[in-house]
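The block underneath contains the structure these notes are about, expressed in structure tokens.
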Amino acid sequence: MFFWFGVTFDLTPFGFAVSGVVYSWGIFRINLFRLTPLALAKVFSTIRDGVVLLDYDNQIVSFNRAAERVFPELLSTSRYPAPASSVLSDFPDLLERLSSANDAEERYPFRRMLDRRTMHYIASLTPIHDTGNVPIGKMLMFVDVTELKENARMLAELNEFKDKLFTVVA
């Protein structure tokens, strides 16, 4: 309560009015209590494909747990956003693709050694636009196809063995 010239003045109703306007703006304008942001965060953290989000300056802004399995180097950096050129310095081909990316989605094979095993991925680099179609970043996604590649190699070996067996029998 304020005492100005003997008059009592209470600011509580004005505070409630301002907070009501702010909450109404948040609820109706930016969907403050919508399920969508929570659902998107849950999907992002539980998706099986590795996802790395980069801003327009090629700085890593965020990544999910699956991306940590693709790039354990992401865990060595303690503070984000971090420049992709320093975190992913062991992958110059990937950095070249990041820096020369255009507005089209790009897919390409990606290989790396993890625990003395060659891992195969299909990488896709997708630009992220804001509502005004202005590019604001990139999404780098890695789908693990190692098992598929190994099965295809084993199938080719079995087919070769089958062909040799049939030539011996014939």
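The values are calculated or read from the model by the stated rules, or taken from the named source; none is laboratory data. In this text the structure is predicted, and so the values were computed from the model without any measurement. Reconstructed Cβ throughout: ideal geometry from the backbone, glycine too, with neighbour counts over all protein chains shown. The area values use the complete protein model at the heavy-atom level, side chains included, leaving out ligands, DNA and RNA. Shrake-Rupley method; radii C 1.70, N 1.55, O 1.52, S 1.80 Å.
Quick notes on this structure:
- Distance between the modelled labels on Ser89 and Arg29, one decimal in nanometres: 4.4 nm (7 Å Cα→Cβ projection).
- Rg to Rh, two decimals, where region 60-135 supplies the alpha carbon set and Rh follows Kirkwood: 0.97
- When the charge dipole of the chain is built from unit charges on Cβ atoms (+1 for Lys and Arg, -1 for Asp and Glu) and taken about the Cα centre, the candidate among Pro135, Ala39, Pro109 whose Cα reaches farthest toward its positive end is Ala39.
- Spin-label model, Phe9/Ser76: points 7 Å from Cα along the beta carbon direction are separated by 6.2 nm.
- Each stretch of four or more DSSP H residues adds -39500 (n - 2.57); spread over every residue of the chain, this sum gives -13000 deg cm²/dmol at 222 nm.
- Placing unit charges on the Cβ atoms only, positive for Lys and Arg and negative for Asp and Glu, gives the chain a dipole magnitude near 420 debye about its Cα centre.
- FRET efficiency, Arg116 to Ala41 (Cβ-Cβ, R0 41 Å, nearest 0.05): 0.75
- Segment Lys162-Val22, extension gain: residue separation times 0.36 nm, minus the distance between their alpha carbons: 43.1 nm
- Between the labelled values (i) 19.5; (ii) 10.2; (iii) 18.0, the entry that holds mean projected area of the Cα convex hull in nm² as derived from this structure is (iii).
- Extension gain, Ser100-Ala152: 0.36 nm per intervening residue step, less the Cα-Cα distance, totals 15.5 nm.
- Accessible-area value, Ile122, 1.4 Å probe, nucleic acids and ligands omitted, Å²: 60 Å²
- Less than 5 angstrom separates the built amide H of His120 from those of Val145, Thr146, all sequence-distant by 5 or more or on a different chain.
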